[in-house]
Every structure is written in structure tokens, then in C-alpha cells.
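Structure, as C-alpha cells:
The values are calculated or read from the model by the stated rules, or taken from the named source; none is laboratory data. Since this is a predicted model, take the numbers as computed values, not measurements. Positions of Cβ are generated from backbone atoms using ideal geometry, with glycine treated the same way; all protein chains shown enter the neighbour counts. The protein model used for the area step is the full one, side chains on, heavy atoms only, and it has no ligands, DNA or RNA in it. Shrake-Rupley method; radii C 1.70, N 1.55, O 1.52, S 1.80 Å.
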Amino acid sequence: MSVTSDPLQPSVSAGSLRSALGAAVPVVAPEDDGYAAARAIQAGGVEHRPAAIVRPTDAPEVAAAVRFARDAGVEVSVRSGGHSVFGLGAADGSVALDLRGLDGVEIDVEGRTAWVGGGITAGAYSHAAGEHGLATPFGDTGGVGVGGITLGGGIGLLSRSLGMTIDSLLGAEVVTADGEVVRTDADHEPDLFWALRGGGGNFGVVTRFRFALHEVSQVVGGVLLMPATPESVAGVVAAADAAPPGLTVIVMVMPAPPMPMIPDQWHGRVVVMANACWSGPRDEADAALAPLRDVAARAGGALLDGLRPAPYASLLEGGPPGGPVVATGRSFFADGVDETAAAHLLEQLESCDAMMRAAQLRVLGGAVADVPADATAYPHRAARMVGNVAAVAPDAATALGYTPWVDALAGRLRQGDAAYVNFSLDGGEAAARAAYPGATWDRLRDVKRRYDPQNLFRGNVNVPPA
Ligand SMILES: Cc1cc2nc3c(=O)[nH]c(=O)nc-3n(C[C@H](O)[C@H](O)[C@H](O)COP(=O)(O)OP(=O)(O)OC[C@H]3O[C@@H](n4cnc5c(N)ncnc54)[C@H](O)[C@@H]3O)c2cc1C
């Protein structure tokens, strides 16, 4: 049977694809049982129908699928952790590569490096590394794929102490658009290596990543919850910005969820949740965290002080609750949040009627800012803060109704037009230009022309070939 649900894509014969790949490689087509489960991704409200879903387990199988799609003139989409918020890991009409079978981890404890499969989650790898008292920096959620977060940059709980994920990337094994398996690092295919560090999935399918590992076992971290006032919002961001680089703080401002550890009378009221991680010397933790606790004290006292010693990997275990909800959001960079902007933020969060709405403020600087802007394809090194505003709704149509609200609020908080690619909510040209301004755009387009001149890999925040 030939299938395509995207009129711009040629059709794909699942039979031919199976013959090309051999019986050992699972291929799930729309007429097969299990298709609905195979195409499911994390984002609610996204109903993409790939022409076929392939589940390779090594680079040669990925290469065979890429060659098939290239010869058929069909887009290749790539799914790793499945957390793309606009569902491009399983694009309409594409040959979708589900990399979850590429989940190997080889840790060289002495050499402080690891080779990891392109489909493993950040949490699974972090737990494996954590058994040796080692870590590579990822984000704040273990379920996110190493593939997507690394290729977009990677901002998380170790960013200020150890840098972004891409700053620990030492090399990669990549299947390029011509179906070749290449190794890249600073000395081999260096332009490709530069582009992979922030340029997203535009340049090939990464079947293995080679990471540096750092000595991080116990950190002091968790959540400090306090009443939201203009002073507490601006104060937490300022304290996080002034902190030593061993401390990274991700601030959520949102109505308190009805969780048992939060006092009942605060459920539904807007609060500040400072998600902190101190990875410096243990005996300096209290001093580093004191300014955050001072802000809470001035706001009337902490509603919950969950800052305590914990294995680093355990901090990645939280995540948004499951369920059929759909979010609309907008990301921005800023230097900080002053009390006037914080007052506006609180008014908006209090008056919006979305079932859940939130602003996330991630304080950058530290090791993120130590890397030159042109050293990787993430050029926003000088930004002090990356933020997100989001509204959650029960279905896509209702979520869409909140788009003007998120746009206006993010517009009020943003400084400049740039955006972090991993927080983009669509893959259009405006999103790509915001992620890759100026010389970064020109260099990425040139690398794209060399490695993917037909734009086979366009299920991403797309960089068209020069
Ligand atoms: C709940 C949640 C929490 C998040 N937290 C953070 C955070 O703390 N920090 C942060 O920086 N980001 C965060 N993000 C954003 C996240 O980094 C991106 O959504 C990322 O693209 C997800 O990667 P994935 O592999 O899970 O997604 P997928 O949907 O599987 O992949 C997304 C895209 O990445 C590309 N891709 C993935 N793997 C490969 C590969 N091996 N080879 C080639 N291309 C590949 C493809 O273009 C694919 O379409 C979060 C997202 C969510 C939903």
C-alpha cells in the first residue's frame, strides 16, 4: 500500500521500504496495528501521520532508511525523546525514524567521556553516569531526548556551573543526507561539528553522541516555594543572576498546583517556585542559597523549602503531569525582570482564565557566557535569562485562543528579537531567523548546502540550504 497524507510529499510504499531495510528492522505503516501508538508523541493536540515509522537500532539501519527516503524524494523526520512541542519527530507523510532503540551507553570512567545512543533520554543517561558520580549537563526533565536537547543547545540545572549540553559535546556519529555514516569532532568535519552544536536536526541523524563527563554526584537542590509579589519575582531572578556560577536557578511563576506538599490555602494562587541546583563545594551551599531564602523571608516566608542534598540525576525526575492537555507558548531572552515587569507578569497570570498558565525564567550567565558567541551554532551567549510564557488548555482550539495572550506577555518581557531554538513552538522561517541571527544563519546555511542540499531533514526549525 502507498501512503501519504501530505500532498507535497511523494507516496511511500511500505512494502518497498521493508524490502530495502530487511526483516530485522521494524517498519510500522498506517494500515498496521500499532500505528497509532507508534506515531504518538509527547505534545498534545498534534496529529501527524508519517507515511511509515522505522525503528532502527544502529547506524547502518538508519543509513539504509535515509537512502530509501532520499531516493523516494520523501522527507525524513527524526524522533528521539519525542518532546518536540510541535511534533516534528513524526512529520506528516515522512519516513519517521524512531531512534528509541539506539539507547546504548558506554562510559569511560577514567577518561571522563561517554558514547551514548542518539535515542536515549537525558534521564536514563544521567542515571547511568550518576552511578559513577559523573554527569553531563542536560535540562530539567529526564524524559527529554538527548538527541533533541543536545542539537538545540541544552539549558538546564548545571548550565551556569558547567555550561550548556553542547559545551560538553566532544563528537558525534552522524548519518548524512547521502546515507553515509561519518564521525565528526573538532578535528574531523569541523564545520559539521560546529553546526550540530545548536543547529538542530538539520544536518543529519545523530546515531551516537560523545560527551565529556564531569564529577557531579551529590548536589544541593530542589524547590523553594514562596508567595509571588513583584519584589519576590524580581528578587529571585536578581539573586540567581548575582549568585556564584555553581548555582543555577530556574524560576516558575504560576498558580500553585494542588500538591500535598503545598499548603492548601495556596492552591491556585500565583506563587514563585525557584528550582535551584548548587553543584559547588557542599560546605558553601548554605551561603550560596541564602540570598534566595532571604527573598522568600521578605515575601512572608517560604511556603516550602525543599532545598537539600540529592543525587543530581534525581533532580531530573519531575516533569509535567501526563494527560491530554495542549499548551501554547512563546519564548524570549531578556537581561532580567524588574519589579515593574514582574508586577505586569503577576497581573496577567492572575487575570488569565487558562486552566494553567505560567512564566518560566531561566537565569543564564556563568559558564554559558564563557564560550564565544561564534564557537557554536548557539550564538546567544550574552543573554542573562531565557524565558517562556505558556497557557495550557484541554484541546488545540482552546489553546490557540490564548496565543495573543502569550505573545503579548512574552513581548512585554523580552529584550530583543532572538529566541532559543529548543523552546520554539513552530519551525517557520521567523523561528529559524530568531534562533540563528546574522553570521550564524549564513554559516548554517552554508553547512546545510554541503551536507543536505535537498533539505531532506526539514522536520525541525529549518535552515534552508544556501
Ligand atoms: C517537558 C519539557 C521540558 C523541557 N526542558 C528543557 C530544558 O530543561 N532545557 C532545554 O534546553 N530544553 C528543554 N525542553 C525542550 C527540548 O530540548 C526540545 O523540545 C527538544 O527538541 C526535545 O528533544 P527530544 O529528543 O525529546 O524530541 P523529539 O521530538 O524526539 O526530537 C525533536 C527534534 O530534534 C531532532 N532530533 C532529535 N534527536 C535527533 C537525532 N538523534 N539526530 C538528529 N536529529 C534529532 C529532530 O529534528 C526532531 O524533530 C523541554 C521540552 C519539554 C516538552
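Based on the Stokes-Einstein relation at 37 °C and a viscosity of 0.692 mPa s, and on the Kirkwood radius from alpha carbon pairs, the stretch 343-419 is assigned a translational diffusion coefficient of 231 µm²/s. Between the listed residues 226, 344, 251, the Cα displaced farthest toward the positive end of the dipole of the stretch 218-423, a dipole computed from Cβ unit charges relative to the Cα centre, is found at 251. Counting Lys +1, Arg +1, Asp -1, Glu -1, what net charge surrounds residue 223 among other residues with beta carbon under 15 Å of its beta carbon? Combined, the nearby Lys, Arg, Asp and Glu give 0. With both labels modelled 7 Å from their Cα along Cα-to-Cβ, the residue 442 to residue 31 distance reads 5.2 nm. Scanning residues 5 or more positions from residue 208 or on other chains, those with amide H under 5 Å from its amide H are 118, 173, with H placed 1.01 Å from N in the peptide plane. Only Cα pairs under 8 Å and 6+ residues apart enter the sum, and on that basis the relative contact order of the chain stands at 15 percent. Starting from 0.36 nm per residue, how many nanometres of slack lie between residue 132 and residue 466 once their C-alpha separation is accounted for? The span from residue 132 to residue 466 would gain 115.8 nm if fully extended. Positive end of the dipole of the stretch 30-139 (Cβ unit charges, origin at the Cα centre): among 121, 85, 68, the Cα lying farthest that way belongs to 85. Note on the chain: dipole from Cβ charges, positive end direction compared against 273, 240, 436; the farthest Cα belongs to 436. Counting only protein heavy atoms and a 1.4 Å probe, the stretch 218-423 has 41 square angstrom of accessible area per residue. Net length available on complete extension from residue 24 to residue 105 is 26.9 nm, with 0.36 nm assigned per residue and the Cα-Cα distance removed.
Give me the number: length gained by fully extending residue 186 to residue 297, i.e. 0.36 nm times residue separation minus the C-alpha to C-alpha distance, one decimal in nm. Taking residue 186 through residue 297 to full extension adds about 35.2 nm, to one decimal. Simple point charges give the picture: +1 on the Cβ of Lys and Arg, -1 on the Cβ of Asp and Glu, and for the chain a dipole about the Cα centre of about 340 debye. Between the Cα long axis of helix 438-451 and the first principal axis of the chain there is an angle of about 30°, rounded to the nearest 10. With R₀ set to 30 Å, the beta-carbon distance separating residue 284 from residue 339 gives a calculated FRET efficiency near 0.55. When +1 charges are put on Lys and Arg Cβ atoms and -1 charges on Asp and Glu Cβ atoms, the dipole computed for the stretch 105-215 relative to its Cα centre reaches about 300 debye.
Can you give me the orientation-averaged projected area of the convex hull built on the Cα atoms of the chain, in nm²?
Values: hull surface 83.3 nm².
If I average the Cα hull's projected area over directions, I get 20.8 nm².
Considering only the Cα atoms of the stretch 7-99, their convex hull presents on average a projected area of 5.6 nm². Every Cα-Cα pair of the stretch 307-466 was included, and the share exceeding 30 Å stands at 27 percent.
The Cα-based radius of gyration and maximum Cα-Cα distance (Dmax) for the stretch 105-215 are 12.9, 40 Å. In terms of packing, defined here as the mean over residues of other Cβ atoms within 10 angstrom, the peptides 187-199, 402-414 line up highest first as 187-199, 402-414. Dividing the helix sum by the residues of the chain, where each DSSP H run of 4 or more adds -39500 (n - 2.57), gives a mean residue ellipticity at 222 nm of -8000 deg cm²/dmol. Taking the Cα centre of the stretch 218-423 as reference, the dipole from Cβ charges on Lys and Arg (+1) and Asp and Glu (-1) amounts to some 180 debye.
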